[in-house]
Structures are given as structure tokens and as C-alpha cells.
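First the structure, which I've put down as C-alpha cells, then a few questions once you've had a look.
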């Protein structure tokens, strides 16, 4: 049996914390003020799922490795599930309207549909809907 976790915190370096927070608020995310200050913001993605937006110098204090520019490289694709195809489209459309950019063409495989966007710092987000009948059947 593997390691069991109760929560996930994805840590992302950002250039401008206030702009990043405003971007994600426009998509519909909230922030936990208890874990938000001038260096970091705790974005609530779902129950026990969070993204910590960390200003780059603060993020850099956790690692000796160089930070890549997510606009030039892709090290991680963050994939979030959606309740419907409409929610996929709504989320990505909001991200693009807020200043992000669509990262690839929509992918429709019938039982699975997803679209992706890059946020203001180039981080790659994928929003996915999978037909529950196809998964269970």
C-alpha cells in the first residue's frame, strides 16, 4: 500500500501575486486569507485541494534549483476535473478573458473532453470532463 495523503498543495511561482490572485478570482476561485500575505496566497481549488501562489523570491527560498520560465517550458500540467463539458468551456473561456491564453486545441474523444490554458505566468492548466458512464462501464 502506498503513502496516503489527506490534502494536496501545488506550489506555483508567480511574478505578481496581486495580478495572479485577480486572474484566478475572475475564473471563480477563492483564497484562504489565513494563509495569504504579501509573499503567498492559498487558492482553494476544491475540498482539500489548494494551489499556493508564491512570489518568485519566496518560492526560490525552498529550492536551490533554478526556476524555469513556464512560458518557455512545461514541467507540469495541472489537470482539474469538471462536472460537465459546459463547465470545461466556461472555465477556460474565463481564463482567456482574464488574460490567460488557450494552450492547445480542445480535445474531444467522446467519453472525454478537455481544454487547456496557460495562466499569467505560463503555468499549464487542463480542465477535463469524463463521462461517468464511460468510466464505470
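What is the angle, in °, between the Cα long axis of helix 85-97 and the longest principal axis of the Cα atoms in the chain? Nearest 10 is fine, range 0 to 90.
Once rounded, one gets 30 degrees.
Order the peptides 67-77, 82-92, 13-23 from the highest to the lowest mean number of other Cβ atoms within 10 Å of their residues.
The most tightly packed comes first, giving 13-23, 82-92, 67-77.
Could you tell me the distance between the Cα centroids of the range 81-121 and the range 8-71, to the nearest Å?
Result: 20 Å between the Cα centres.
On a 0 to 90 degree scale, rounded to 10, what angle separates helix 17-27 from the longest Cα axis of the chain?
Result, in degrees: 20.
Right, next: Can you give me the relative contact order of the chain as a percent, contacts being Cα pairs under 8 Å and 6 or more apart?
Across the chain, relative contact order equals 22 percent.
Output the antiparallel fraction of DSSP beta bridges having both residues in the chain, as a percent to the nearest 5.
60
We did not get these values from a lab; they are worked out from the coordinates using the rules stated. Nothing here was measured: the structure is a model prediction, and the numbers come from that model. Ideal geometry is used to build each Cβ from the backbone, glycine not excepted, and the neighbour counts take in all protein chains shown.
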